[in-house]
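The values are calculated or read from the model by the stated rules, or taken from the named source; none is laboratory data. This structure is a prediction, so every number in the text was calculated from the model and none was measured. Every residue, glycine among them, receives a Cβ derived from its backbone with ideal geometry; neighbour counts consider all protein chains shown. In case anyone asks, the SASA skips ligands and DNA or RNA and just uses the protein heavy atoms, side chains included. Shrake-Rupley method; radii C 1.70, N 1.55, O 1.52, S 1.80 Å.
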Amino acid sequence: MEATRLSPELLLRAYAAGVFPMSEGRDDPRVFWVDPDRRGILPLDGFHLSRSLRRAILRHPFELTLDLAFEDVVRGCADREETWINDNIFRAYFALHRLGHAHSIETWDGDRLVGGVYGVALGRVFFGESMFSAETDASKIALATLVAHLARTGFTLFDTQFLTEHLASLGAVEISRAEYRRRLAEGLQDGPAEILSRPLPDPHSVVQAVTQTSNRA
């Protein structure tokens, strides 16, 4: 099978249609499209903030940034024994990032990148792609910050693609393909949310925002 060239335009059309790309591994140049029967989402008003995570956020052990080291976050996500991120996917998301459609939150311990999360923004939908952690709670804190930031910058849907045990522990749920398509259409029909319109919230604001929205859910 010939490798599919993932142009930014093709990727954006795919996300708008509810599908996303994966590969069998880093050394396989081919890409296949995924359209799950059951879709994972993380409700922006339903993040589960455990006591231990709340304490970790308020200790402020890391500095968080937005779009400061996108390529390094993607590399961190791919730096594992098995990954669906091949060179084709690497290049495609870097291109999307340069066009302002792919974003990352980075977690820093001094000048060392220790975690992060990245995804694609389209309309008022954020399509989470992957995250990694090299220190305890680094990716969880990045994800909590991302949820709070998406909610206050106008996003309405946070797509996690699949529901894993880890994401479920943080409040993610699974919905049908039909329900996902309905929410996706709603998120795309209005004007785009602007993820760069505000700075990232500080730790106290993250805890406050996530706690308030979870209590309203």
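Of note:
- Ranking 32, 163, 92 by how far each Cα lies toward the positive end of the dipole of the chain (charges on Cβ) leaves 163 at the top.
- Between amide H atoms placed 1.01 Å from N, distances below 5 Å from residue 114 occur with 107, 108, 109, all of them 5 or more places distant or on a separate chain.
- Within the chain, DSSP assigns beta bridges of which about 90% are antiparallel (rounded to the nearest 5).
- Where region 155-217 is the region considered: accessible area per residue in Å², 1.4 Å probe: 57 Å²
- Average accessible surface for region 12-73: 53 Å² per residue, computed with a 1.4 Å probe over protein heavy atoms with every protein chain in place.
- When each of the peptides 39-48, 138-147 is scored by how many other beta carbons lie within 10 Å of its residues on average, the order from highest to lowest is 138-147, 39-48.
- Integer Hz, Karplus 6.51/-1.76/1.60 couplings in order for region 41-52, x for Gly and Pro: 9, 10, x, 5, 10, x, 5, 8, 9, 6, 4, 5
- Nearest 10 degrees, 0 to 90: helix 177-189 Cα axis against the chain principal axis: 80 degrees
- Residue-wise HN-Hα coupling along region 150-158, computed from phi with Karplus coefficients 6.51, -1.76, 1.60 (Hz; x: Gly, Pro): 4, 4, 8, 10, x, 7, 10, 9, 10
- Taking amide hydrogens as placed 1.01 Å from N in the peptide plane, the amide H of residue 102 sits under 5 Å from those of 97, 121, each at least 5 positions away in sequence or on another chain.
- Between 0 and 90°, nearest 10: helix 8-17 axis offset from the chain longest Cα axis: 70 degrees
- Fraction of accessible area attributable to carbon and sulfur, the chain (%, probe 1.4 Å): 48 percent
- Neighbours of residue 17 by Cβ distance under 11 Å: Lys/Arg scored +1, Asp/Glu scored -1, total +1.
- Each listed q (0.14 Å⁻¹) maps to a log10 I(q)/I(0) for region 1-130, found by the Debye formula over equal Cα scatterers with no solvent: -0.71.
- 0 to 90° range, to nearest 10: angle between helix 203-216 axis and the chain longest Cα axis: 80 degrees
- For region 25-70, alpha-carbon Rg relative to the globular expectation (2.2 N^0.38 Å, N residues): 1.86
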